[in-house]
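What follows is one structure encoded as structure tokens, with my remarks underneath.
The values are calculated or read from the model by the stated rules, or taken from the named source; none is laboratory data. Not measured: the values here are computed from a predicted model. Note that each Cβ is placed from the backbone with ideal geometry, even for glycine, and that neighbours are counted across all protein chains shown. Accessible surface areas use protein heavy atoms only, side chains included; no ligands, DNA or RNA. Shrake-Rupley method; radii C 1.70, N 1.55, O 1.52, S 1.80 Å.
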Amino acid sequence: EAGVTQSPTHLIKTRGQQATLRCSPISGHTSVYWYQQALGLGLQFLLWYDEGEERNRGNFPPRFSGRQFPNYSSELNVNALELEDSALYLCASSPFRGRGETQYFGPGTRLLVL
Amino acid sequence: KNEVEQSPQNLTAQEGEFITINCSYSVGISALHWLQQHPGGGIVSLFMLSSGKKKHGRLIATINIQEKHSSLHITASHPRDSAVYICAVKRGGATNKLIFGTGTLLAVQP
């Protein structure tokens, strides 16, 4: 069974541009989570989608947004990129609403903002 | 003060040693995860537990809900165990988000 996949693996952008990151959950999983791991800051929760709706978001500005498609895959969009957005962005998935279930992580997308 | 604290931050061990990594948290939780992150960045979920003890191979995880503390033990450590080990707690209620510790960098030397 395929795990969580993310694309691209690496992304280089310049300040002010927009970045789009993609995530495909494990088959049968309806919840998708996005996390940011910036250098020296550890992992931080960004967004949680389930059944196509945003269920919760972390303490990030509105220029971080996303969506979940009917096939449960998800996009994370970061507008007006800033240098400090450079980080590893991890996606995770779990079964319906994740209650009592482990989150399975993807390999991540490394975003570098120049 | 972070809601999830791990100790030690860095740990160097000799192959074969018994290793313990500790995690303390200050919030109410519904579950606690132990994660392993290798240098490439990918994360593997090792355990999710809400009470008691779990064992998988050479790895053992325990949690004491009353004391808000969990430990990850590695028996007969091996250089391939070298990684960052991260403790993460799932808050109770409908938020379903994980709050992460800062991680423990483990280096096991042959």
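Near the amide H of B:Lys97, under 5 Å away, which other amide H atoms are found, from residues 5 or more places off or on another chain, if H is placed in the peptide plane?
Residues meeting the criterion, in which the H sits 1.01 Å from N, are B:Arg91.
Around B:His73, under 10 Å between beta carbons, what's the net of Lys plus Arg minus Asp minus Glu among the other residues?
Numbers: positive: B:Lys53, B:Lys55, B:Arg58; negative: none.
Every neighbour counted, the sum reads +3.
At 1.4 Å probe radius, can you tell me the per residue accessible area of the protein assembly as shown in Å²?
Averaged over the residues of the protein assembly as shown, the accessible area is 47 Å².
Can you tell me the FRET efficiency between B:Arg80 and B:Asn22 if r is taken as the Cβ-Cβ distance and R0 is 25 Å, rounded to the nearest 0.05?
That pair, B:Arg80 with B:Asn22, gives E of 0.70.
Find out how many positive minus negative residues lie around A:Phe45, taking Lys and Arg as positive, Asp and Glu as negative, among other residues whose Cβ is under 13 Å from that of A:Phe45. Each step should come with its number before you reach the end.
Details: positive: A:Arg55, A:Arg57, B:Lys90, B:Arg91, B:Lys97; negative: A:Glu54, B:Glu3.
Combined, the nearby Lys, Arg, Asp and Glu give +3.
If you average the C-alpha positions of the stretch B:44-87 and of the stretch A:47-114 separately, how far apart do those two centres end up, in angstrom?
About 26 Å separates the Cα centre of the stretch B:44-87 from the one of the stretch A:47-114.
What does the charge add up to near A:Lys13, with Lys and Arg as +1, Asp and Glu as -1, over the other residues with Cβ less than 11 Å from its Cβ?
-1
What does the average come to when, for each residue of peptide A:3-10, you count the partner chain Cβ atoms lying within 10 Å of its Cβ?
Numbers: counts 2, 2, 0, 1, 0, 0, 2, 0.
Mean partner-chain Cβ count within 10 Å for A:3-10: 1.
How high is the relative contact order of chain B, given as a whole-number percent (alpha carbon pairs under 8 Å, six or more residues apart)?
Working: 273 pairs, mean separation 40.9, N = 110.
Relative contact order of chain B: 37 percent.
Could you compute how much accessible area chains B and A hide from each other, both sides summed, with a 1.4 Å probe? Nearest 100 Å² is fine. Each step should come with its number before you reach the end.
Values: alone 5900 and 6140 Å², together 10570 Å².
Approximately 1500 Å², summed over both chains.
Place a +1 charge on the Cβ of each Lys and Arg in the stretch A:60-114 and a -1 charge on the Cβ of each Asp and Glu, then give the dipole magnitude about the Cα centre in debye, rounded to the nearest 20.
220
Taking only pairs that are 8 or more places apart or on different chains, how many Lys pairs in the protein assembly as shown have Cα atoms under 29 angstrom apart?
Lysine pair count for the protein assembly as shown: 17.
To the nearest 20 Debye, how big is the dipole of chain B about its Cα centre, given +1 on the beta carbon of each Lys and Arg and -1 on that of each Asp and Glu?
Once rounded to the nearest 20, the dipole reads 380 debye.
Which of the residues in the stretch B:29-45 lose at least 50 Å² of accessible area when you go from the chain alone to all protein chains together (probe 1.4 Å)?
Residues of the stretch B:29-45 that lose at least 50 Å² of accessible area once the other chains are added: B:Ile43.
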